Amino acid sequence: RLAAEKARQEQEEAERRAAEQTAKEQAEAARLAAKAEEHKHDNSFSLRANLLHWATFTPDLGMEWRIDRNWSILVNGAWTSWSWDNKNRRYALWKLSPEVRYYIGKEKHGYIGAMYHIGEFNYKLGDTGKQGDYQGGGITGGYTLPLNRALSLDFHAAVGYSYADYDKYTVSDGIRVRAGSDTKNHWGINQLGVTLVWKMKN
C-alpha cells in the first residue's frame with residue numbers, strides 16, 4: 001500500500017509539473033504572438049507633411065521607411081514659387097532633406113538622428129532680393145505623438161550648421177539688377193517641424 005501511494009503521489013507531481021510547463025509555454029507563446037502583432041508594422045512606410053511649411057504656403061511632402069523598431073530612413077522635400085506686386089516681390093525655394101533616425105524609449109516614440117539638407121532660394125520681400133543656394137546638416141531630435149493606429153504628429157528640430165551663397169539684386173522697370181553677392185554661415189537651430197505622419201500598411 002505504501003508503494004502504491006508513493007507511486008500515485010509521484011504521478012500526480014509529474015502531472016502537475018507537466019501542466020505548469022505547458023502553461024508556461026502557452027503564456028510565452030501568447031506573449032510572443034502579442035509582441036509580433038504589436039510590431040508587425042514596424043517595417044513600414046509612412047507619408048509625411050510638415051504642417052509648418054504648409055502654413056507658409058510651402059508644399060512639403062516626405063516618406064519614411066521604418067527598417068525595424070529602432071531605425072528608419074526618411075527624406076522630405078519642399079517647393080514653392082510665388083510672385084506678386086507686378087513680380088516685384090518674390091518668394092521661391094526648393095529643399096531636399098534626407099535623415100537617419102534611431103528611435104528610443106520603451107514605446108519608441110522619441111528619437112535622435114542626423115540630417116542633411118540642400119536647396120535653392122529666391123527671396124525679395126523688400127528693396128533688395130537674395131537668390132542663391134544653401135546646404136548644411138545637423139543632429140535631430142523629436143517625439144512622435146500617436147493620434148490613432150495610422151496617424152501621428154511628429155514634433156522635431158535639428159541643431160547644426162548651414163551655409164548659404166547668394167547674389168543680391170534690385171528690380172528696376174521690371175528688370176533685375178545685380179547688387180553684389182554674399183555668404184552666410186549659421187550655427188544653431190536649422191530645422192523645425194510639426195509633421196503629420198500617415199503610416200501605410202505593409
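The values are calculated or read from the model by the stated rules, or taken from the named source; none is laboratory data. What you see is a predicted model, and the numbers here were worked out from it, not measured in a lab. So basically every Cβ, Gly included, is an ideal-geometry build from the backbone, and we count neighbours across all protein chains shown. With ligands, DNA and RNA removed, areas are computed over all heavy atoms of the protein, side chains included. Shrake-Rupley method; radii C 1.70, N 1.55, O 1.52, S 1.80 Å.
Worth pointing out:
- Those residues of region 82-115 which are free of Cβ contacts under 8 Å to residues at least 12 places away in the same chain and of a type in the set (Ser, Thr, Tyr), in sequence order: SER83
- Meets criteria (among the hydroxyl-bearing types (Ser, Thr, Tyr) and either touching a Gly at 6+ places or on another chain (Cβ under 8 Å) or closer than 20 Å to GLY188 by Cα (or both)) for TYR91: no
- For region 116-147, filtering for residues that are free of Cβ contacts under 8 Å to residues at least 24 places away in the same chain and open to solvent by 90 Å² or more (accessible area, probe 1.4 Å) leaves 2.
- Of all residue pairs spaced 6 or more apart or on separate chains, those with beta-carbon atoms under 9 Å, a first member in region 50-74 that is open to solvent by less than 70 Å² (accessible area, probe 1.4 Å) and a second member that is among the β-branched types (Val, Ile, Thr) and assigned to a loop (DSSP other than H, G, I, E, B) are ASN50/THR58.
- Evaluating SER162 against the criteria (1) under 27 Å from MET63 (Cα atoms); (2) surrounded by fewer than 16 Cβ atoms within 10 Å (Cβ to Cβ) leaves one unmet condition, (2).
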